[in-house]
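*Asks:* One structure is given below, represented as structure tokens, and several questions about it will come after.
The values are calculated or read from the model by the stated rules, or taken from the named source; none is laboratory data. Since the structure is predicted, the reported quantities are computational estimates derived from the model, not experimental observations. In this analysis, Cβ positions are derived from the backbone assuming ideal geometry, glycine residues included, and neighbour counts consider all displayed protein chains.
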Amino acid sequence: MENYYNKSFEEVRRLFGDVHLIFIDPVDKHRNVAAALRLENFNLFKVASKLFLRKPSKVFFYPPKPTPFKPKKLRKILVERQTDILFLKFACLERVPDILWGQMYKTQRVIQNFLEKSEFKVLRSKSWSDEKKFNVLVFELENKSLKNVKKHYGPPVASKEEEKFVSKYISNPKTVSGPYIENGRWVVLVKRKQTDAKALLKEKLKSSGRDIGVASRILKAIEKGFKILVNQEILDFYRKNPSFAVFLTEFLRGKPIWLEQSYSG
């Protein structure tokens, strides 16, 4: 950076924007090759650097290729895990890696936000692509099913919104119980519109994924067709795609090999 800019670090930051790392392109001083670096990966890099200085090892640079779980072992793990994993699978139409991954990460983020706003607890999410034929977005949920009834809190008693709330729910077919008063507030128990995460996401993507912010090029691919697989439904694709098998194995393990080796022994 010193060879390109005589400005202060603050000025360089303003030039390249609010990014996690600035790494000037050797042939283009106006390009930050690390502009797309995600905070998650930047933090992982910092941890790896610290551990490498503490205990140097080739594993940080040349980690052994993980051996994917056998399909039978994967089935057992998925059953014993007792979570629900949704796999959104669709064709890979975008072949430029920089564009593809930016679109994948954005779509992963907006779908996770959509599921969470719909009251599903997302434990983890991840993106995978072979950059040729297939893309897969993975969402691990605490549970893919919600109870049919939820508690909805209304305004305080004697507030100006009181009459509107009571009028709305007093004869509403979605009202299961109430309106009643609890700790000074109006409350009702109402039926949820959708209780299944797979059905909810499928419905949203079929109608208009644009509403929730799905990236434009991913949206085009999804419009041509997609599948949402849950848990063991992914086994057939897992068997046929070795690189995806490695990815899913690493996802389920949840920790890089260098981290495990740094804390063993």
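*Asks:* With the requirement that a residue be more than 22 Å from Leu123 (Cβ to Cβ), surrounded by 17 or more Cβ atoms within 10 Å (Cβ to Cβ) and hydrophobic (A, V, I, L, M, F, W, C), what does the range 60-95 give you?
*Replies:* Pass one, the range 60-95, residues more than 22 Å from Leu123 (Cβ to Cβ): 60-65, 67, 70-72, 90-95.
Subsequent filtering for residues that are surrounded by 17 or more Cβ atoms within 10 Å (Cβ to Cβ) retains 60, 90, 92, 94.
Matches in the range 60-95: Phe60, Phe90, Cys92.
*Asks:* Just give me the residues in the range 186-226 being touching a strand residue (DSSP E or B) at 6+ places or on another chain (Cβ under 7 Å), closer than 17 Å to Leu146 by Cα and of a type outside the set (Ser, Thr, Tyr), in sequence order.
*Replies:* Leu189, Val190, Lys191, Arg192, Asp196, Ala197, Lys198, Leu201, Lys202
*Asks:* I need every pair where a residue in the range 124-137 that is under 10 Å from Phe247 (Cα atoms) has its Cβ under 6 Å from the Cβ of a residue that is part of a loop (DSSP other than H, G, I, E, B), sequence separation at least 6 or different chains.
*Replies:* Ser129/Cys92
*Asks:* Now for a separate question. Have a look at Ala221, Ala215 and point out the one that is under 30 Å from Gln108 (Cβ atoms), touching a Leu at 6+ places or on another chain (Cβ under 9 Å), of a type in the set (Gly, Ala, Ser) and assigned by TED's automatic domain parsing to the domain that holds Tyr105. Show your work before the answer.
*Replies:* Values: Ala215 fails: touching a Leu at 6+ places or on another chain (Cβ under 9 Å).
It is Ala221.
*Asks:* Among the candidates Phe251, Phe244, Phe237, Phe226, single out the residue that is within 26 Å of Thr83 (Cβ to Cβ), more than 18 Å from the chain's Cα centre (by Cα) and surrounded by 15 or more Cβ atoms within 10 Å (Cβ to Cβ).
*Replies:* Numbers: Phe251 fails: more than 18 Å from the chain's Cα centre (by Cα); Phe244 fails: more than 18 Å from the chain's Cα centre (by Cα); Phe226 fails: more than 18 Å from the chain's Cα centre (by Cα).
So the residue among Phe251, Phe244, Phe237, Phe226 that is within 26 Å of Thr83 (Cβ to Cβ), more than 18 Å from the chain's Cα centre (by Cα) and surrounded by 15 or more Cβ atoms within 10 Å (Cβ to Cβ) is Phe237.
*Asks:* Okay, next question. Restricting the range 64-122 to residues that are among the charged types (D, E, K, R) and either in contact with a His (Cβ under 8 Å, 6 or more places away or on another chain) or not in a helix (DSSP H, G or I) (or both), which is nearest to Ser216 (Cα to Cα)?
*Replies:* The first filter runs over the range 64-122 and keeps only residues among the charged types (D, E, K, R), leaving 65, 70, 72-73, 75-76, 80-81, 84, 89, 94-95, 98, 106, 109, 116-117, 119, 121.
With either in contact with a His (Cβ under 8 Å, 6 or more places away or on another chain) or not in a helix (DSSP H, G or I) (or both) added as a condition, the list becomes 65, 70, 84, 89, 94-95, 119, 121.
On the way: Lys65: 34, Lys70: 36, Asp84: 28, Lys89: 16, Glu94: 11, Arg95: 14, Glu119: 25, Lys121: 26 Å.
So, considering only residues that are among the charged types (D, E, K, R) and either in contact with a His (Cβ under 8 Å, 6 or more places away or on another chain) or not in a helix (DSSP H, G or I) (or both), the one nearest to Ser216 (Cα to Cα) is Glu94.
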